[in-house]
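K.L.:
Right, I'll just put the structure down here and ask away after.
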Amino acid sequence: MITIINYGMGNLGSIVNMLKRIGVQAQVTEDVAQIERAEKLILPGVGAFDAAMERIGSIPGLREVLDYKVLEEGIPLLGICLGMQLLTEGSEEGKLPGLGYIPGCTLHFPSDMGLKIPHMGWNHIHICNDSPLVHDLPEEPRFYFVHSYYVQCANPEHVVCTTDYGITFHSVIQKDHVYGAQFHPEKSHKFGMRLLENFAKSLIRA
């Protein structure tokens with residue numbers, strides 16, 4: 001069972017449907033008691049960084065239980081899109097600190113790239129470090145992206161994949177049992193299914 005955290009800013013239905021397609025049970029909840037019993041967590045996200053952190057902080061006990069599950073129990077957590085950015089220490093989009101589970105920051109794409117922002121549509125990822133999250137994926141699979149900000153990890157060892165869009169940015173990150181995907185695996189067909197299946201069926205508690 002995967003627990004998908006509902007804090008009001010995620011593409012929840014598509015994630016649940018994709019997990020069903022690969023035979024994985026999932027529950028969507030903001031209930032702290034249910035999250036406290038979770039074995040694996042997905043933190044989705046669509047929208048603005050500060051608004052997301054405010055929503056997480058507005059649900060009594062949610063931040064505390066997240067920190068406990070991730071930092072003390074060591075259960076696997078996957079952040080998707082904005083959810084990945086929330087794993088960092090902060091964002092140029094706002095002023096609030098992030099969750100800080102993976103050292104790094106979230107930056108805005110340079111305005112002088114000559115490319116449309118947001119970065120939207122299909123693009124390849126380049127696997128540069130081994131991770132169970134990308135097990136059995138080809139060298140350069142395609143995923144669906146929608147974002148104006150990108151993550152820059154402080155430690156190269158936490159970078160699993162990169163993607164090129166005017167600049168090279170970090171598109172899959174990992175620190176121990178905490179994972180992030182900048183793209184939307186739930187909208188990325190067979191490669192998205194493979195990545196979510198890796199998270200659901202292959203990863204175990206740290």
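None of the figures in this text is laboratory data; all of them are computed from the coordinates on show. Small disclaimer: the values here were computed from a predicted structure and weren't measured. Heads up, the Cβs are rebuilt from the backbone with ideal geometry, glycines too, and the neighbour counts pull from every protein chain shown.
K.L.:
How big is Rg to Rh over the range 131-206, alpha-carbon atoms, Rh as the Kirkwood inverse-mean-distance radius?
P.N.:
Looking at the range 131-206, the ratio lands at 0.94.
K.L.:
Ignoring everything except DSSP H segments at least 4 long, calculate the 222 nm mean residue ellipticity for the chain; use -39,500 (n - 2.57) per segment, divide by total residues, nearest 500.
P.N.:
That comes out to -5500 deg cm²/dmol.
K.L.:
Pairs of lysine in the chain with Cα under 23 Å and at least 8 positions apart or on different chains: total?
P.N.:
15
K.L.:
Follow-up. Just in the range 82-191: which GluC sites (Glu not before Pro) are loop by DSSP and have at most 16 other Cβ atoms within 10 Å?
P.N.:
E89, E92, E139
K.L.:
For the range 33-48, just list the computed ³J(HN,Hα) in residue order, Karplus coefficients 6.51, -1.76 and 1.60, θ = phi - 60°, integers in Hz, with x standing in for Gly and Pro.
P.N.:
My calculation for the range 33-48 gives 5, 5, 5, 5, 9, 5, 9, 8, 10, 10, 10, x, x, 9, x, 9 Hz in order.
K.L.:
How large is log10 I(q)/I(0) at q = 0.11, 0.12, 0.18, 0.21 Å⁻¹ when the Debye formula is applied to the Cα atoms of the range 44-159, each weighted equally and without solvent?
P.N.:
Taken in order of the listed q values, log10 I(q)/I(0) reads -0.41, -0.49, -1.08, -1.36.
K.L.:
Using only the Cα atoms of the chain, what do you get for the radius of gyration and for Dmax, in Å?
P.N.:
That works out to 15.5, 48 Å for Rg and Dmax.
K.L.:
Next up: Given the C-alpha centroids of the range 139-202 and the range 54-120, what is the distance between them in whole angstrom?
P.N.:
Taking the Cα centre of the range 54-120 as reference, the centre of the range 139-202 is 14 Å away.
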